[in-house]
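Inspection log for the structure reproduced underneath, given as structure tokens.
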Amino acid sequence: MKKRIFPALLALFLAVQLTGCGGGGMDYGNGAAASSESRSSTQEYDTAPGAAPEEGYDMVLEDSGLAGGGASAGNSVSDSSKLILRGNISAEATDFDAALAAIEQQVAKAGGYMESSSVSGSVGSRWAELVIRVPREQFDSTFGAVGDNCHITGSSRSKENVSAVYYDTEARKKALEIKRDRLLALLEKADQIEDIIALENALSDVQYEIESHTGTLRDYDRLIAFSTIEVYLSEVRDLSVVQEEDSFLSDLHTAAVTGTRGLVSFVQGLILTAVYGWWFFLLLALVLLVLVIKVRRNRERQALGVPQTRQPLRRPGKGAQAEAPADGEKTDNPDGIDH
């Protein structure tokens with residue numbers, strides 16, 4: 001009798017577990033939607049910190065100290081919110097090497113590290129792309145310290161609250177761990193090959209889901225604990241003009257400085273063009289020299305009265321050529337008529 005009851009209970013338990021895993025897989029597949037919804041959850045956590053949590057998060061909220069009401073609940077939510085901080089900075093510097101070294105020192109001082117760094121270009125027109133990771137508590141100070149060693153031309157900051165998707169993933173992971181423990185307990189009691197195989201397959205699926213949720217939580221923890229700052233640093237000769245106030249005098253000063261720099265750049269460009277194309281200008285100078293020499297020789301001949309040579313004339317009606325008489329020479333037939 002006992003042997004008949006155990007398979008029936010096992011089959012019923014597996015059916016329930018597989019149904020639950022399937023539902024969890026479908027919800028997990030919609031993680032992108034949950035992540036997009038979490039971006040707009042910042043206002044919800046800020047404006048209604050004392051709102052009652054959903055039933056599915058009771059266990060997680062109790063462990064993290066978020067289950068409560070009044071001012072204490074509001075403070076705990078503000079302190080325990082899962083925020084991902086990001087920043088972008090565009091800057092320029094005349095002393096590129098010094099600015100880059102100062103940024104690296106500031107990151108090391110804050111307890112962060114360079115996730116990636118690349119420098120391109122030649123001396124005078126180099127640029128660097130940096131991805132900085134600093135502790136969340138040092139984000140504001142590090143973000144502001146970058147401007148102490150270079151000229152900021154643009155910056156932006158963002159804050160993403162992933163508390164909802166984080167706690168949802170954590171709750172699903174705990175539920176799957178409970179399922180895994182129950183499957184292990186059943187596996188110890190199973191004595192049929194078919195039951196053992198079915199339990200091991202269910203354990204494999206549950207373990208895969210647990211590892212997937214664990215990896216997601218680990219990524220979130222890494223992004224939350226260390227904020228990201230992306231810096232684009234370019235090397236320039238003159239820093240960009242930043243208008244300090246909105247007035248006519250400020251506009252006039254900006255226009256004067258910009259115009260002067262434009263004139264200097266234009267002259268420098270002409271000089272560089274002449275240097276780059278020296279062979280073309282040398283060839284052009286040789287051609288002009290040959291033309292000038294030829295024109296001078298022609299003028300000297302005209303000044304000395306050198307006669308111009310004439311081409312021989314062809315007598316009409318006859319195939320023989322006749323030489324034209326020289327200047328001042330008389331001919332027997334001045335009219336040029338054959339007799």
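Note the full-extension length gain between GLU177 and LYS294 as 0.36 nm times their separation in residues minus their Cα-Cα distance, in nm to one decimal.
Once the chain is fully extended between GLU177 and LYS294, it gains 32.0 nm.
In nm, give the distance between the simple-model label positions of LEU270 and GLU188, each being 7 Å from the Cα along the Cα-to-Cβ direction.
Here the answer is 9.3 nm between the modelled labels.
Please sort 152-162, 282-292 by packing, taking for each peptide the average over its residues of neighbouring beta carbons within 10 angstrom, highest first.
152-162, 282-292
For labels at ASP221 and ARG157 in the simple 7 Å Cα→Cβ model, what's the distance in nm?
Each label point is offset 7 Å from its Cα along the Cβ direction, giving 2.7 nm.
Against the empirical 2.2 N^0.38 Å scaling, what ratio does the C-alpha Rg of the range 250-300 come to?
The reported ratio for this selection is 2.05.
If R₀ is 45 angstrom, what is the calculated FRET efficiency for the pair SER240 and PHE281, using the beta carbon separation as r and rounding to 0.05?
FRET efficiency, SER240 to PHE281: 0.85.
Bear in mind that the values in this text are calculations on the coordinates, not laboratory data. Since this is a predicted model, take the numbers as computed values, not measurements. Every residue, glycine as well, gets a Cβ built from its backbone with ideal geometry; the counts of neighbours run over all protein chains shown.
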